[in-house]
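For reference, the structure is listed below as structure tokens.
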Amino acid sequence: MSSPEQQIERLSQLLAKVQKNRKQPRVGLGPMAGLSATVPANTTGPAVSAAKPLPAPQGPSSTGGLGPAAAPPRTRKATPTEPITAAVAAPPSPVREEHAPEPPVRRPAAPARPISPLETALSGEAEREERAMPAPARAPAPPAAPAANEIAPRAGGTQPRSQRPPMPPAEASAQQPIVPRVIEPDPPRASTRPIAQVVSKHAPVVDATFGAMLKRSLSLRPH
Amino acid sequence: MTDAQFDPGGFFQFDLAHGRVRTRGGARVLVLAENVLAPLIVTAVQSGDLTAIRTLGSQLGSIVSQSLPAPANSLPPQVVISYAGSVMSLYGWGRLRLEQWGGALVLVVDGLPPLDEDNLAVAALLGGIFSTLCSAEVACVPLARSTKYIVVDPRIAETVWGWSKSGDNLATIASKLSSAEVA
């Protein structure tokens, strides 16, 4: 019941809710937000647009894509901090339905247990999003860490990890300059043995000086 | 006799971080496979220009002369050959020995890789080494079907080369040469 994955889910839901509340006055979030939450934070337009057709078959979200003003009032739990779009997006995610009421109570207990890499990735993402939110003109979103990309498969595609509104493709591409990654080789390890090694020597035995012998040889002429 | 010996320790400095190999004197060298060098030498022989090989010999001769405790002409032959042989061995040019046939000085190089058919490249190398080492122009004429090179005056090198190509062995060639005058 309280497996690490479930706790992670609850943490991510909490993060998403906090962020939604902060975003709510500015940006409308529909059911698309719940679906696109499985997309990494730095995912741009194409992935989001691919998720757009999905809200239509979902019955409760007949106002999908219209934003919080068009969303029906929530009757399930109605916590003050929960975004309206969460009610719209609730049907596709039974896991979230099960744990949604609990996070405000259990949140303080989360740091007491060991933090998994997944949580680290989530918290890192939350920090990045919190940094980005207060600015009126949103700062460029940092590229997603590798760990953040790894959590998408584990979430099974149903758990919202971030409900941050997707940036328009043009804006996202303009704010994320491509930085080349330079991979330097490791410095060579110093050898404890000399690289050059002599295996044999020789010492010819010849009398007289070399100069005398050479001079004699050079003075030779044909008969 | 002298106890002086060539010290090969640390002769090559392998700078692996920068991919460079330098000699003790600071000259940069490249390590080549013999099957890469051989066709280059054959091409040089066919074009009749062994200047590069002789230049290499001059560089080796300079290394030898700088390592010797005294000028080569004043040292015992075994010391000079030991130093010269050590440097040649370090560069992978085989094992150098010295023979004396009457008045003729004969260099023997064993363990050479197969380069050109007539051993003209090694002859040029030896000529460069001993010309620089002794401050005198020296020609080393390869003797056919052997690993020996007779040290002669460059002016008679073509004649001796002709004898060797015609089949004369070293004893015959040595007997054809007479010591004109020894100071």
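The values are calculated or read from the model by the stated rules, or taken from the named source; none is laboratory data. Since we're looking at a predicted model, the values are computed, not measured. Cβ placement follows ideal geometry from the backbone for every residue including glycine, while neighbour counts extend to all protein chains displayed.
Quick look at the numbers
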{"quantity": "Conditions (1) within 13 Å of chain A (Cβ to nearest Cβ); (2) not in a helix (DSSP H, G or I): number failed by B:ASP49", "calculated": "(1)"}
{"quantity": "Conditions (1) assigned to a loop (DSSP other than H, G, I, E, B); (2) within 14 Å of chain A (Cβ to nearest Cβ); (3) closer than 22 Å to B:VAL64 by Cα: number failed by B:ALA17", "calculated": "(3)"}
{"quantity": "Which listed residue, of B:THR23, B:THR55, is at pLDDT 90 or above and closer than 26 Å to B:PRO114 by Cα", "calculated": "B:THR55"}
{"quantity": "Residue in region B:93-112 that is more than 12 Å from chain A (Cβ to nearest Cβ), surrounded by 14 or more Cβ atoms within 10 Å (Cβ to Cβ) and more than 14 Å from the chain's Cα centre (by Cα) present", "calculated": "no"}
{"quantity": "Single residue of B:VAL122, B:VAL87 found to be crowded, with 21+ Cβ neighbours inside 10 Å and either away from every other protein chain (no Cβ under 14 Å) or at positive phi (or both)", "calculated": "B:VAL122"}
{"quantity": "Filter result for the condition that a residue is more than 15 Å from the chain's Cα centre (by Cα), acidic (Asp, Glu) and away from every other protein chain (no Cβ under 12 Å), over B:GLU117, B:GLU158", "calculated": "B:GLU117"}
{"quantity": "Top-ranked residue in region B:28-63 [being in contact with an Asp or Glu (Cβ under 6 Å, 6 or more places away or on another chain) and farther than 20 Å from B:LEU96 by Cβ; ranked as surrounded by the fewest Cβ atoms within 10 Å (Cβ to Cβ)]", "calculated": "B:VAL42"}
{"quantity": "Index of the failed condition, B:ALA139 passing every other in (1) more than 7 Å from chain A (Cβ to nearest Cβ); (2) in contact (Cβ under 8 Å) with a residue 40 or more places away in the chain; (3) of a type outside the set (Phe, Trp, Tyr)", "calculated": "(2)"}
{"quantity": "Residue ID - nearest to the other protein chains (Cβ to nearest Cβ), chosen from residues in region B:142-153 that are in contact with a helix residue (DSSP H, G or I) (Cβ under 8 Å, 6 or more places away or on another chain) and not aliphatic (A, V, I, L, M)", "calculated": "B:ASP153"}
{"quantity": "Residues being more than 7 Å from chain A (Cβ to nearest Cβ) and within 12 Å of the chain's Cα centre (by Cα) - total across region B:63-82", "calculated": "1"}
